[in-house]
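*Asks:* Here it is: the structure, laid out below.
The values are calculated or read from the model by the stated rules, or taken from the named source; none is laboratory data. It should be emphasised that the depicted structure is a prediction, and the values quoted were computed from it without experimental measurement. All Cβ positions, even for glycine, are placed from backbone atoms using ideal geometry, and neighbour counts span all protein chains on display.
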Amino acid sequence: MKNNIVIEVLDKQMQKKGWKFLGPILHYEKAFKGQASVYEKKGKYIVYGIDKSGKDILNDSISKSDAENRLKKSLIEISKFMLQKSI
């Protein structure tokens, strides 16, 4: 499967629309390879990225508390992975 969607382009589009990137999340079942980004704008939170098929855009609403919880867990997991690789 070839993915023609470029995540950097999606990020620039979101920022131009006024969305603030908060961070990556892992293990999001609807996202390509389980990875997506969380954005915030005017108190609304969304999970944005490439959908599981790799062919379409993922754009799901998410609560603030769920977004914060998923971001925290994902950043901890990413940090642990990076530290293990550096040893």
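*Asks:* Taking ILE46 as the residue in question, decide whether it is touching a strand residue (DSSP E or B) at 6+ places or on another chain (Cβ under 6 Å) and of a type in the set (Val, Ile, Thr).
*Replies:* yes
*Asks:* Take the residues in segment 1-30 that are in a loop (DSSP other than H, G, I, E, B) and aliphatic (A, V, I, L, M), then tell me which one is modelled with the highest pLDDT.
*Replies:* LEU26
*Asks:* While we're here: Residues that are hydrophobic (A, V, I, L, M, F, W, C) and farther than 19 Å from GLU77 by Cα: does segment 34-55 have at least one?
*Replies:* There is at least one residue in segment 34-55 that is hydrophobic (A, V, I, L, M, F, W, C) and farther than 19 Å from GLU77 by Cα.
*Asks:* Only one of these conditions is not met by ILE76: (1) free of Cβ contacts under 8 Å to residues at least 12 places away in the same chain; (2) in a strand (DSSP E or B). Which number is it?
*Replies:* For ILE76, the failing item is (2).
*Asks:* Could you look through segment 31-73, keep only residues that are assigned to a strand (DSSP E or B) and touching a Gly at 6+ places or on another chain (Cβ under 8 Å), and pick out the one that is surrounded by the most Cβ atoms within 10 Å (Cβ to Cβ)?
*Replies:* Per the criteria, the residue is ALA36.
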